[in-house]
Amino acid sequence: MADKQTILAELENGVKSLQQEMAIEAAKKALAAGVSPVEAIEHGLAKGIRAVGEKFEKKEMFVVELIYAANIMEEAIKVLEPEMKRSKEKRHAVGIMVLGTVAGDIHDIGKNLVRIMLEAGGFEVHDIGKDAPTESFVLKIRETEANLVGASSLMTTTMEVQKEVVATLRAAELNMPVMVGGAAATDEWAKEIGATYASDANSAVSIAKLLLGKGG
Ligand code: B1M
């Protein structure tokens with residue numbers, strides 16, 4: 001049976017080198033060898049996706065590869081999930097975020113990457129999907145006791161909805177930080193609407209931590 005370090009390296013490399021079969025097999029090996037699913041994610045898969053994210057930011061990898069790596073990570077997590085639930089082992093969440101693409105906007109590739117990177121960074125993320133009605137942010141925050149909100153928007157026509165999300169939360173006396181991003185958003189826009197801007201999925205993690213006072 002493979003030792004733990006080898007399995008963790010295979011989990012990392014499966015994501016990093018875009019080899020889905022390697023990642024899936026390593027996830028199975030981790031379960032068979034009694035490696036904790038949390039450790040498999042944090043010290044294996046997450047290391048791989050972080051490396052991919054860094055390459056993407058340096059333009060050493062294409063978006064399509066980033067998306068593929070994210071899919072590989074999601075598929076490998078699916079293998080580990082039942083054991084995680086069975087053992088009721090919980091990752092110690094850095095924070096709890098409700099994340100969605102705002103109403104009227106169906107672009108979700110970037111939002112999904114943000115979710116994956118936040119999860120890899122230790123956040124519990126409740127993804128309410130794309131074209132998400134503003135009220136569903138409020139409902140999900142109340143249901144999950146989230147302490148952070150993320151609203152993605154890719155189009156100039158739906159940027160206004162980010163503003164509406166912030167205003168609706170404040171009217172409902174939900175005063176947690178709101179992070180906005182997506183091609184249409186800018187730092188200036190975020191400041192104007194009372195939110196914080198993150199330009200990409202990698203910086204979203206450090207900014208989310210800063211917003212919760214947990215370092216960058
Ligand atoms: Co559309 N689209 N699209 N599109 N599309 C854009 C956004 C557009 C700029 C293309 C263009 O004309 N040049 C344009 C918007 C123009 C504008 O408003 N200024 C546009 C349009 C017009 C449309 C339609 C209206 C087209 C039509 O039907 N006539 C339509 C929209 C329908 C609707 O939403 N109601 C439409 C549809 C689509 C597809 C379905 C075909 C597809 C989306 C598939 C999907 O998402 N599942 C699509 C695509 C792929 C694009 C482009 C080409 C690429 C977007 C993408 O996935 N980028 C896009 C052009 C562009 O953006 N330059 C375009 C890759 C992704 C990794 O980056 O999403 O920016 P991005 O996410 C980044 C960061 O922005 C950041 O992190 C991510 C990773 O680093 N980030 C966050 C994102 N969300 C964040 C949230 C955060 C923090 C960071 O905190 C919460």
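Would you work out the charge dipole size for the chain about its Cα centre, treating the Cβ of every Lys and Arg as +1 and the Cβ of every Asp and Glu as -1, and quote it to the nearest 20 debye?
460
Cross-link candidates for K130: which aspartates and glutamates have Cα within less than 12 Å, leaving aside residues fewer than 8 places away along the same chain?
Partners within reach: D105, D108.
Out of L66, L31, L18, any idea which swings most in a Gaussian network model of the chain, alpha carbons joined below 10 Å?
Residue with maximal mean-square fluctuation among L66, L31, L18: L31.
Based on Cβ point charges of +1 for Lys and Arg and -1 for Asp and Glu, what charge dipole magnitude is obtained for the range 38-129 about its Cα centre, in debye rounded to the nearest 20?
The dipole magnitude comes to about 160 debye.
So which chymotrypsin sites (Phe, Trp or Tyr not before Pro) in the range 48-79 pass both tests, a DSSP loop state and at most 14 other Cβ atoms within 10 Å of the Cβ?
Numbers: sites: F56, F62, Y68; in loops: F62.
When the chymotrypsin sites (Phe, Trp or Tyr not before Pro) of the range 48-79 are filtered for loop state and at most 14 Cβ neighbours within 10 Å, F62 remain.
Cα to Cα, under 16 Å, and not fewer than 8 places away if on the same chain: which lysines meet these conditions relative to K59?
Once the sequence-local lysines are set aside, what remains near K59 is K16.
Got a sec? Charge dipole of the range 48-136, +1 on Cβ for Lys and Arg, -1 for Asp and Glu; which of A93, H107, M117 is way out at the positive end?
Most positive-ward Cα: A93.
As a test question: what accessible area, to the nearest 10 Å², does D127 have when a 1.4 Å probe is rolled over all protein chains in place?
50
Counting only protein heavy atoms and a 1.4 Å probe, tell me what percentage of the chain's accessible area is made up of carbon and sulfur.
On the chain, the fraction of accessible area on carbon and sulfur atoms equals 54 percent.
So with the 1.4 Å probe, I'd like the accessible area per residue for the chain, rounded to whole Å².
48
Checking the a/c ratio against 1.5 first, then a/b against b/c, what shape does the Cα gyration tensor give for the chain?
prolate
If a/c stays under 1.5 just call it rounded; otherwise compare a/b with b/c (prolate if a/b is bigger, oblate if not). Do that for the range 7-73, with a ≥ b ≥ c from the square roots of the Cα gyration tensor eigenvalues. Intermediate values should be presented prior to the final figure.
Working: a/c = 2.98, a/b = 2.05, b/c = 1.45.
Here the range 7-73 falls in the prolate category.
So what is the 222 nm mean residue ellipticity for the chain from helices alone, if each DSSP H run of at least 4 adds -39500 (n - 2.57) and you divide by all residues, rounding to the nearest 500 deg cm²/dmol?
Values: 10 runs with 123 residues, N = 216.
The helix contribution divided over the chain gives -18000 deg cm²/dmol.
Mind checking which of A204, A46, A184 has the largest fluctuation in a GNM of the chain, springs on alpha carbons under 10 Å?
A184
Which entries of K47/K140; K28/K55; K78/K140; K55/K140 show an alpha-carbon separation above 31 angstrom in the structure shown?
K55/K140
Which is the longest part of the chain that has none of the trypsin sites (Lys or Arg not before Pro) sitting in a DSSP loop with at most 16 other Cβ atoms within 10 Å?
Numbers: sites that count: K58, K59, K88, K90, R91, K214.
Excluding the exposed sites themselves, the longest stretch runs over 92-213.
For a Förster distance of 30 Å, can you work out the FRET efficiency between the beta-carbons of Q20 and S206, rounded to the nearest 0.05?
Values: r = 28 Å, r/R0 = 0.93.
Once rounded, the FRET efficiency stands at 0.60.
Under a GNM of the chain (C-alpha, springs under 10 Å), which listed residue has the highest mean-square fluctuation: L139, L154, L113?
So, out of L139, L154, L113, the one fluctuating most is L139.
The values are calculated or read from the model by the stated rules, or taken from the named source; none is laboratory data. None of these values were measured; they are calculated from a predicted model. Every residue, glycine among them, receives a Cβ derived from its backbone with ideal geometry; neighbour counts consider all protein chains shown. Just the protein is used for accessible areas: all its heavy atoms, side chains included, with ligands, DNA and RNA removed. Shrake-Rupley method; radii C 1.70, N 1.55, O 1.52, S 1.80 Å.
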